[in-house]
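Asks: Have a look at this one.
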Amino acid sequence: MTARPAIACLGAGRMGRGIAVAFAYAGHAVTMIDVKTRSTEQFATLQTEALGEVRKTLASLARFGLLAESDTETVIARVAVAPAQDMTAALGNAGIVFEGVPEVVELKREVLASASKCVGPDVIIASTTSTILVDDISGSVENPKRFLNVHWLNPAYLIPLVEISPGAATDPAVIIRMKALLEGIGKVPVVCAATPGFIVPRIQALAMNEAARMVEEGVASAEDIDKAIRYGFGFRYAVLGLLEFIDWGGGDILYYASRYLEDALGSDRYRAPEVIARNMREGRIGLRTGAGFLDYSGLDVDAYRDRRLAALVDMLRHFGLAKPPVL
């Protein structure tokens, strides 16, 4: 793989455009390939719309101080849109291919099958599906060991996290190459099993449904629930991961709180998984015992706590809530 391989996006919709911005911003040439056969006029409309959105996105990055206005043209010049009939030529120089067509299994299989015939056997091909498991579509790809799912979170050009989900046939070396590529453009990749919902969508579905349920039950207003999320839930988890937070307070606290909520609210959706009880039996409570979900052996716990608390103070400053003492 070259230092900055050319990127091809199958599809010129929202995901393709977001990925195009992310890679072009980092110095890569990107071609978005339309997968639908259109008339010359129809394609011209799509091309204008896609490049217009890319330009608008770059203009917003310039307003936010992430890009000098004078550099906008340099970045957008790296982005091209190709019609479906030019797929073979457009994929000729691609070092990495991302599929971003609508969430229709047969459509994805068709597009992936066509694209995989147009590139070399070692060119990585990645789907960006948010709902379809990689092994449900990998059979359409020639040489599926170079195929995996790479799930971006919208807006793709801003959110750092990218979830990598390999299939049963994926070569481990392909995962390493993909991680390096993403890290090279400033992303934070994580690897997860091919399972419905991956990591973030699975967690956020529970949280969003619970928030909606609390509005439905009259627990609080939508405005106050969102305020609670911004300044409590999200505030802490921007610094401490969920499992790290369990260890910070102690897994036993979660265990007993879960039992209470399950009984008080009459729902097993609050029931703690077996791993929580098992960790308690094994003395893996968290920071207090030197191990929980994470291993804290040999760690300077006081220094670790100070780093996390300092990060929380930075969050206070970010929100304008770090007030001086009243003396």
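Taken together, the values in this text are just the output of simple stated rules run on the coordinates, not laboratory data. Keep in mind the model is a prediction, meaning the values are calculated, not measured. Note that each Cβ is placed from the backbone with ideal geometry, even for glycine, and that neighbours are counted across all protein chains shown.
Asks: Could you compute the FRET efficiency for Ala222 and Ala310, with r as their C-beta to C-beta distance and R0 at 41 Å, rounded to 0.05? Numbers along the way, then the final one.
Replies: Working: r = 33 Å, r/R0 = 0.80.
Efficiency computed from Cβ-Cβ geometry: 0.80.
Asks: Now for a different question. Treat each spin label as a single point 7 Å out from the Cα along the C-beta direction, and report the Ala173 to Arg202 distance in nm.
Replies: 3.0
Asks: Are there trypsin sites (Lys or Arg not before Pro) in segment 46-149 that DSSP puts in a loop and that have at most 12 other Cβ atoms within 10 Å, and which ones?
Replies: On the way: sites: Arg55, Lys56, Arg63, Arg78, Lys108, Arg109, Lys117, Lys145, Arg146; in loops: Arg78, Lys117.
Listed in order of number, the matching sites are Lys117.
Asks: Moving to a separate point now. Amide H to amide H under 5 Å from Leu161: which residues, 5+ apart in sequence or cross-chain, H placed 1.01 Å off N in plane?
Replies: Under 5 Å from the amide H of Leu161: Val188.
Asks: Assuming 0.36 nm per residue, please report the length gained on full extension of the stretch Thr195 to Ser114 beyond their Cα-Cα distance. Numbers along the way, then the final one.
Replies: Numbers: separation 81, 0.36 × 81 = 29.16 nm, distance 2.59 nm.
Taking Thr195 through Ser114 to full extension adds about 26.6 nm, to one decimal.
Asks: Out of these labelled values of mean projected area of the Cα convex hull in nm², [x] 22.3; [y] 16.5; [z] 19.7, which was calculated from the coordinates shown here?
Replies: [x]
Asks: Using only alpha-carbon positions, what ratio does the radius of gyration of segment 278-327 give when scaled by 2.2 N^0.38 Å? Write down the numbers at each step before the final one.
Replies: Numbers: Rg = 15.8 Å, N = 50, 2.2 N^0.38 = 9.7 Å.
Output field value: 1.62.
Asks: Moving to a separate point now. When only C-alpha pairs under 8 Å and at least 6 residues apart count, what is the relative contact order of segment 7-191, in percent?
Replies: Working: 320 pairs, mean separation 38.1, N = 185.
Once divided by the residue count of segment 7-191, the mean separation gives 21 percent.
Asks: Compute, for segment 200-318, the length of the dipole vector about the Cα centre, with Cβ point charges of +1 (Lys, Arg) and -1 (Asp, Glu) only. Units Debye, rounded to 20. Before the final figure, lay out the partial values.
Replies: Values: 16 positive and 19 negative charges, 39 e Å.
Dipole magnitude for segment 200-318 comes out near 180 debye.
Asks: Just report the Cα centroid separation between segment 128-177 and segment 29-84, whole Å.
Replies: Measuring centre to centre over Cα atoms gives 24 Å.
Asks: Continuing with this model, one more query. Okay, helix-only estimate at 222 nm for the chain: each DSSP H run of n ≥ 4 adds -39500 (n - 2.57), divide by all residues, round to 500 deg cm²/dmol; what do you get? List each step's numbers first, then the result.
Replies: On the way: 13 runs with 148 residues, N = 327.
Calculated at 222 nm, the ellipticity per residue is -14000 deg cm²/dmol.
Asks: Now a separate question. Extending each Cα 7 Å along its Cβ direction at Ala59 and Ile229, get the distance between those two points in nm, one decimal.
Replies: For Ala59 paired with Ile229, the spin-label model returns 3.0 nm.
Asks: Separation between the Lys36 and Ala322 pseudo-spin-labels, each 7 Å from Cα along Cα→Cβ, expressed in nm?
Replies: Computed distance between label sites Lys36 and Ala322 equals 4.9 nm.
Asks: Can you classify segment 1-159 as rounded, prolate or oblate using the Cα gyration tensor, where a ≥ b ≥ c are the square roots of its eigenvalues, rounded means a/c under 1.5, and otherwise it's prolate if a/b beats b/c and oblate if not?
Replies: Working: a/c = 1.69, a/b = 1.49, b/c = 1.13.
It comes out prolate by the Cα gyration axes.
Asks: Another one. Taking the alpha-carbon set of segment 175-279, what are its Rg and Dmax in Å?
Replies: Using the Cα atoms of segment 175-279, the pair Rg, Dmax is 16.9, 49 Å.
Asks: How would Ser267, Ser127 line up from fewest to most surrounding beta-carbon atoms within 10 angstrom? Display every interim value, and only then the final one.
Replies: Details: Ser267 11, Ser127 28.
If I rank by nearby Cβ atoms, fewest first, I get Ser267, Ser127.
Asks: Set the Förster distance to 56 Å, then compute FRET efficiency between Thr48 and Arg259 from the Cβ-Cβ distance, nearest 0.05. List each step's numbers first, then the result.
Replies: On the way: r = 59 Å, r/R0 = 1.05.
Taking R0 as 56 Å, the efficiency between Thr48 and Arg259 is 0.45.
Asks: What percent do you get for the relative contact order of the chain when only Cα pairs under 8 Å and 6+ apart count?
Replies: Across the chain, relative contact order equals 11 percent.
Asks: Okay, next question. Starting from 0.36 nm per residue, how many nanometres of slack lie between Asp136 and Arg271 once their C-alpha separation is accounted for?
Replies: Numbers: separation 135, 0.36 × 135 = 48.60 nm, distance 3.14 nm.
Full-extension gain reported as 45.5 nm.
Asks: Check the straight Cα-Cα distances from Lys36 and name the aspartates and glutamates below 16 Å, setting aside those fewer than 8 residues away within the same chain.
Replies: Result set, ordered by chain and number: Glu49, Asp86, Glu99, Glu103, Glu106, Glu110.
Asks: Just to be sure I understand: with springs between alpha-carbon atoms less than 10 Å apart, which residue in Ile199, Ile137, Ile225 has the highest mean-square fluctuation in the Gaussian network model of the chain?
Replies: Ile225
Asks: Another question about this same structure. So which chymotrypsin sites (Phe, Trp or Tyr not before Pro) in segment 245-327 pass both tests, a DSSP loop state and at most 11 other Cβ atoms within 10 Å of the Cβ? Display every interim value, and only then the final one.
Replies: Numbers: sites: Phe245, Trp248, Tyr255, Tyr256, Tyr260, Tyr270, Phe293, Tyr296, Tyr304, Phe319; in loops: Phe293, Tyr296, Phe319.
Sparse-neighbourhood loop chymotrypsin sites (Phe, Trp or Tyr not before Pro): Phe319.
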